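Here the structure comes first, spelled out in structure tokens, and everything after it is commentary.
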Amino acid sequence: MSSTYSNRQFDLARTQLVDLLRSKGISDQHVLDALNSIPRHHFVQEVFQHRAYEDSALPIACQQTISQPYTVAFMTQLLQIRRGDKVLEIGTGSGYQACILAQMGARVFTIERHFDLLETARSRFEELGYNIASKVGDGSVGWSQFAPYRGIIVTAGAPDVPQSLLRQLDDGGRMVIPVGDQASQNMIIVERQGEDFAHSKSAGFKFVPLLGKEGWRS
Ligand code: SAM
């Protein structure tokens, strides 16, 4: 597949990717439908467009990555969001994950530490017609102005669960965050019930680091 691929060929490749994700255990139809709706080839550099529907992470600018589609689907499924939920994403990157959440009907707030990445992501939000609130900053301390959030998704690997993010999680809300060392992380799911924060975890992942006050020191 080259960058001269037609939209029809991209559509077919996307459908095949969604079938693959289903076979890998993604069962939430809303998540699969969202991945089938968002043109991932718009979120990668032209040189990588022919690989946009492989189930792999790909390089983006600023030495960052757009996450593997399976990871995006897995984390989104864990969030259990419903239409109208307010969701905070840390690590806008390409903007792909934010659009998946918006496509599912969430009111999305996203933070990125690289201005250049955020500018490009914003142009994609506009081009695809998504109304997503975004800012440049250190997402490890959250975005208190719009808290609390029904869902918080952190798309960079953290050394620990940031306390600021716990405080900004709504009662009954869920946070999904990869936590570990910089070589590998476990996916941590935090569920808030009043002042109780129940933690559970699942399998190993590899993310770029969450840098910041409540992340890794850069
Ligand atoms: N969600 C993205 C997407 O859909 O393309 C992929 C995110 S990429 C794996 C992780 C991103 O987190 C990078 O763009 C990185 O710059 C960003 N990041 C790392 N630490 C951050 C922080 N403290 N605040 C905001 N963004 C951060």
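The values are calculated or read from the model by the stated rules, or taken from the named source; none is laboratory data. These numbers come from a predicted model, not from an experiment. Glycine gets a Cβ as well: all are built from the backbone with ideal geometry, and neighbour counts include every protein chain shown.
Remark: A57 matches the filter, which requires a residue to be in contact with a strand residue (DSSP E or B) (Cβ under 6 Å, 6 or more places away or on another chain) and at negative phi. Scan segment 18-38 for residues that are under 20 Å from A102 (Cα atoms) and in a loop (DSSP other than H, G, I, E, B) and the total you get is 4. Taking the numbered list (1) part of a helix (DSSP H, G or I); (2) more than 18 Å from S123 (Cα to Cα) in turn, H41 passes all entries but (2). With respect to S37, determine if the residue is among the small types (G, A, S), at pLDDT 95 or above and surrounded by fewer than 18 Cβ atoms within 10 Å (Cβ to Cβ). So S37 fits the description; yes. Looking at segment 94-127 only, could you name the residues that are in contact with a helix residue (DSSP H, G or I) (Cβ under 6 Å, 6 or more places away or on another chain), more than 10 Å from the ligand (Cβ to nearest atom) and aliphatic (A, V, I, L, M)? Within segment 94-127, M104, V108 qualify. Based on what the data block shows, is S140 touching a Lys or Arg at 6+ places or on another chain (Cβ under 6 Å) and either in contact (Cβ under 8 Å) with a residue 24 or more places away in the chain or in a helix (DSSP H, G or I) (or both)? Here the answer is yes, as S140 does meet what is asked.
Determine, yes or no, whether R150 is away from the ligand (no atom under 15 Å from the Cβ) and closer than 18 Å to I90 by Cβ.
Working: away from the ligand (no atom under 15 Å from the Cβ): yes; closer than 18 Å to I90 by Cβ: yes.
So R150 fits the description; yes.
Restricting to segment 145-196, what's the tally of residues that are in a strand (DSSP E or B) and without any contact (Cβ under 8 Å) to a residue 12 or more places away in the chain? The qualifying residues number 1.
Examine segment 53-70 for a residue that is touching a helix residue (DSSP H, G or I) at 6+ places or on another chain (Cβ under 8 Å), modelled with pLDDT of 95 or more, aliphatic (A, V, I, L, M) and more than 10 Å from the ligand (Cβ to nearest atom), and state whether such a residue exists. No.
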